[in-house]
1. Given L94, Y82, L24, which one lies farthest toward the positive end of the charge dipole of segment 3-131, if we put +1 on the Cβ of every Lys and Arg and -1 on the Cβ of every Asp and Glu?
2. Provide the FRET efficiency to the nearest 0.05 for the A13-L336 pair, computing r from the beta carbons and using R0 = 56 Å.
3. In debye, nearest 20, what is the charge dipole magnitude of the chain about its Cα centre with +1 on Lys and Arg Cβ and -1 on Asp and Glu Cβ, if you could check?
4. Quick one: which residues, 5+ away or cross-chain, put their amide H under 5 Å from the amide H of F188? H built at 1.01 Å from N.
5. If you take the square roots of the eigenvalues of the alpha-carbon gyration tensor of the chain and sort them as a ≥ b ≥ c, do you get rounded (a/c under 1.5), prolate (a/b over b/c) or oblate?
6. Would segment 1-127 count as rounded, prolate or oblate if I go by the C-alpha gyration tensor, calling it rounded below 1.5 in a/c and otherwise prolate when a/b exceeds b/c, oblate otherwise?
7. Provide the percentage of antiparallel DSSP beta bridges, counting only those with both residues in the chain; round to the nearest 5.
8. With springs only between Cα atoms under 10 Å, which of R144, R17, R179 fluctuates most in a Gaussian network model of the chain?
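Coordinate-derived values only; no laboratory data. If you're wondering where the values come from, they're calculated on a predicted model, not measured in any experiment. Neighbour counts are summed over all protein chains in view; Cβ atoms, including those assigned to glycine, are modelled from backbone coordinates with ideal geometry.
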Amino acid sequence: MDYPVLRRHNLVARLQREAVDALLVSHPVHVSYLTGFSGESSYLVLGRERTLLVTDGRFTEQLASECPGLELLVRPTTQNLYQATGEALTKLGLRTLAFESGHLTLLDMELLREQCGSLDWKPARDWVEALRVVKDPSELAALREAIHFAERAFQAFRALLRPEDNEKDLADALEHQVRRVGGRCTSFPSIVAVGARSALPHAPPTSKRVGEADFLLVDWGACGKFYNSDLTRMLVPQPHAERAGRMVPSQLAEVFRIVLQAQAAGIGAVRPGAKGMDVDAAARKVIEAAGYGANFGHGLGHGIGMMIHEAPALRPLSEAVLQPGMVVTIEPGIYLPGWGGVRIEDDILVTPDGCEVLTSVPRDLEGSMVVV
Ligand code: GLY
Ligand code: MN
Ligand code: MN
């Protein structure tokens, strides 16, 4: 199955429904989604009858292997992207053009308009996002691969952990492992937060050392060719293998248990037809009942795919309705300033009759202990 072609067909049907001649795809992620092209600085003009990619000579050879059969307009070095696109739009004889209103800047539009006078511009909001929200089999395979890279990297990372390591060095080491096992890059700057630093949900890494606290939080992900994974685990270093588990502070054990319970409730609520707000509420209720409602200051989760944060949102007031093929994170957390935070994050596929947890790194307290 040629999925990019199928996606383009879906958009052509939308062009017909909306009585528009073409869609100008300017968001690089969307150009990749609709063509398989991994380069940049290119616009896709997707028309009812003809589609062409406006690109430049740096990518000609790459395009021949990544998107054979795609019509190209390779602009000469004497022309910029706006001039070449303007020329293409004029040549195609378009009268109405939809543009990605969430991604084309005002300046981009002004520069394009200078090139093609009489075109009727129509804002297209979330047209491509609406397709991307449900993953096809090729995307699910890519997401599973991105999860596999992240999990293998974490396994190697755990084995490296030493009390004298600091957050920054550990984040670098984790990112190296992600690449070493096959990831193109990390999905986002990795978070390694020791002790009280973990109370910052997106803590930037510092020189704080593992040995300075009883636990640390690690939030990381791997990106394959295009798709991103996103996980969070707690690690509880144990200095003595023979006494492992006997030195877990009681507050950590309690907060951990509540977060894990909240996550299980959230995962249990993931099914087709559930709204984002319902799934959020299922987990939030557990944290609120335990008296920590004020310490869970973010949404329960988000979609993952070609972007690390995408639709659907799982948070209070989210009307997004889950459908089979969506992939979301479930990541409740409790953050206590001065003490630290516990967050546990997994990646979940919505299936026709419920959900499948795609991530498999142990998430319970026992599985979080690591002898250092
Ligand atoms: N790593 C960012 C997040 O969990 O959403
Ligand atoms: Mn996340
Ligand atoms: Mn994360």
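1. Value computed over the given set: L94.
2. Values: r = 51 Å, r/R0 = 0.91.
That pair, A13 with L336, gives E of 0.65.
3. Values: 38 positive and 46 negative charges, 27 e Å.
Computed about the Cα centre, the dipole is about 140 debye.
4. The list, which skips near neighbours in sequence, is G221.
5. Working: a/c = 2.57, a/b = 1.94, b/c = 1.32.
Here the chain falls in the prolate category.
6. Note, shape of segment 1-127 comes out oblate.
7. Just about 70 percent of them are antiparallel.
8. Sorting by GNM fluctuation, first place goes to R17.
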